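Since the structure comes first, as structure tokens, the remarks are kept for the end.
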Amino acid sequence: MREALESLRTEALAATEAADQLEVLRDLKVKYLGKKGELTSVLRGMGKLSAEERPVIGSLANEIRSQLEEALKTKETHLEELQLDEKIREEKLDVSLPGIVNPIGAAHPLAAVIEEIEDIFVGMGFEVVEGPEVETDQFNFEMLNIPKDHPARDMQDTFYITDDILLRTHTSAAQIRTMLEKGGNTAVRIISPGKVYRRDDDDATHSHQFTQIEGLVVDKGVSMSELNGVLLTFIEKIFGAGTEMRLRPSYFPFTEPSVEVDIYHPEKEWVEILGAGMVHPNVLAKAGYNPERYTGFAFGIGIERIAMLKYNIDDIRHFYQNDLRFLKQFRSV
Ligand code: PHE
């Protein structure tokens, strides 16, 4: 019995020493010291011993039990410390490592200019509305006083989807949509930004797709002088106080009288930036407004032209090529 206990001691201590994981220790504890463990089963044979031998073996068994408990405990503490060290090493934060720089984007210059213009007009009580880029011949031409055989169609040749559906050539189609929506007896004060299309050969100043902002005011007693005031306010806000503006008589089928509006640019002198005029009585009537009671003015601003003058851009194609070297220059805009 003594030998059995001694070899159990040797085996158990060696196994404890060799254990490299806490789970292994837990198993050893059960294996040797548990209720159904090996030490218990050896001691179960004590009954067969003589009266002299019993206390000797008993104390040996107790000694082995506490020695083993001690060894397991020591090993457990040691393994726990290792585990903690490992965890600390894994979670260590090196504050001297370079950070991860997330590139910050910027609004496209056209989007930034549209937003700036919207803010200016919203400040003057205008509402922002949007119209579709795929438009009907009816809204893009007919109802704007440009019938099928009108010579003005030559200047606004476009891309046709069917005979009657096309890519809009100007945001003026939004005038018609808005007036029809307002129903003929409510005042209108809107701007409408968006893309427009024309069959043009692309070069430094022309593009088959470009951007406009339409403006429309319809009410009782709206006058040309109010148009003048609104445009001058806009121009001074976008190009700086004191910027000079000039109206030149022009022609659009949907306005009468019509003007083209230039601003004075220190290097380029007089530059055209928009077309405008008093809404033609035919247009008001077709869109449900009685021209005897209502008058209105409209304007169409070329966004690329504004952005090119404001930021000294010499080629309209820069806006559409998505060259980061160009776009990055507008980060702070
Ligand atoms: N739609 C005209 C164009 O694209 C501009 C314009 C708008 C002129 C509104 C007068 C009034 O050339």
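The residues of the stretch 252-287 that are without any contact (Cβ under 8 Å) to a residue 40 or more places away in the chain and open to solvent by 50 Å² or more (accessible area, probe 1.4 Å), listed by number, are Glu256, Pro257, Tyr264, Pro266, Glu267, Glu269, Trp270, Glu272, Pro281, Ala285.
Residues checked against (1) within 16 Å of the ligand (Cβ to nearest atom); (2) aliphatic (A, V, I, L, M):
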position: Val261; (1), (2): yes, yes
position: Tyr264; (1), (2): no, no
position: Val271; (1), (2): yes, yes
position: Val279; (1), (2): yes, yes
position: Gly302; (1), (2): yes, no
position: Phe319; (1), (2): no, no
position: Ser332; (1), (2): no, no
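For residues that are near the ligand (Cβ under 10 Å from one of its atoms) and either loosely packed, with under 15 Cβ neighbours inside 10 Å or modelled with pLDDT under 95 (or both), tally how many sit in the stretch 238-251.
Pass one, the stretch 238-251, residues near the ligand (Cβ under 10 Å from one of its atoms): 250-251.
After this cut, where a residue has to be either loosely packed, with under 15 Cβ neighbours inside 10 Å or modelled with pLDDT under 95 (or both) as well, the list is 251.
So the answer is 1.
Taking the conditions (1) open to solvent by less than 90 Å² (accessible area, probe 1.4 Å); (2) in a loop (DSSP other than H, G, I, E, B); (3) modelled with pLDDT of 95 or more in turn, Val122 satisfies each one other than (2). With respect to (1) touching a Ser or Thr at 6+ places or on another chain (Cβ under 6 Å); (2) more than 29 Å from Glu116 (Cβ to Cβ); (3) not hydroxyl-bearing (Ser, Thr, Tyr), the lone exception for Phe159 is condition (1).
Determine, yes or no, whether Arg293 is more than 14 Å from the ligand (Cβ to nearest atom), open to solvent by 90 Å² or more (accessible area, probe 1.4 Å) and part of a helix (DSSP H, G or I).
Working: more than 14 Å from the ligand (Cβ to nearest atom): yes; open to solvent by 90 Å² or more (accessible area, probe 1.4 Å): yes; part of a helix (DSSP H, G or I): no.
Against the criterion (more than 14 Å from the ligand (Cβ to nearest atom), open to solvent by 90 Å² or more (accessible area, probe 1.4 Å) and part of a helix (DSSP H, G or I)), Arg293 does not qualify.
Looking at the structure I just gave you, is Gly45 small (Gly, Ala, Ser) and farther than 30 Å from Thr211 by Cβ? Considered against the rule, which asks whether it is small (Gly, Ala, Ser) and farther than 30 Å from Thr211 by Cβ, Gly45 comes out as yes.
The values are calculated or read from the model by the stated rules, or taken from the named source; none is laboratory data. Worth saying up front: this structure is predicted, and the values here are computed from it rather than measured. Heads up, the Cβs are rebuilt from the backbone with ideal geometry, glycines too, and the neighbour counts pull from every protein chain shown. Accessible surface areas use protein heavy atoms only, side chains included; no ligands, DNA or RNA. Shrake-Rupley method; radii C 1.70, N 1.55, O 1.52, S 1.80 Å.
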